1. Of the options THR65, PRO39, HIS21, report the single residue whose Cα projects farthest towards the positive end of the charge dipole of segment 4-65 (beta-carbon charges: Lys, Arg +1; Asp, Glu -1).
2. Which loop-located GluC sites (Glu not before Pro) does segment 1-60 contain, where loop means any DSSP state but H, G, I, E or B and the Cβ has at most 13 other Cβ atoms within 10 Å?
3. Rounded to the nearest 20 debye, what is the charge dipole size of the chain about its Cα centre when +1 sits on each Lys and Arg Cβ and -1 on each Asp and Glu Cβ?
4. Kirkwood hydrodynamic radius (Cα pairs, Å) of segment 1-56?
5. So for the chain, averaging the separation of alpha carbon pairs under 8 Å that are six or more residues apart and normalising by length, what relative contact order in percent results?
Amino acid sequence: MLVILSFEELRPRGVPFSKPHLNRKIRAGEFPRPIKLGPRKNGWLADEVDTWLAARIAAREQQTTT
């Protein structure tokens, strides 16, 4: 099932960024690109956000083992 998250749903999911910081991360290729849902509304695929979070966790785990 395809789940699309709004900006407001990102924080409870574990993404603590403000809108300006999130936009910087997206432009830098450090966060999944949003889907344009309307003229002023973006959404993110939950699977892509979950994958991004899992990569952050894996990176943390690698740091503690090296």
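A short reminder: the numbers here are calculations on the coordinates, not readings from a lab. Remember, predicted model here, so these are calculated numbers, not experimental data. In this analysis, Cβ positions are derived from the backbone assuming ideal geometry, glycine residues included, and neighbour counts consider all displayed protein chains.
1. Final value for the positive-end residue is PRO39.
2. GLU30
3. Charge dipole of the chain: 420 debye, to the nearest 20.
4. 11.5
5. Across the chain, relative contact order equals 35 percent.
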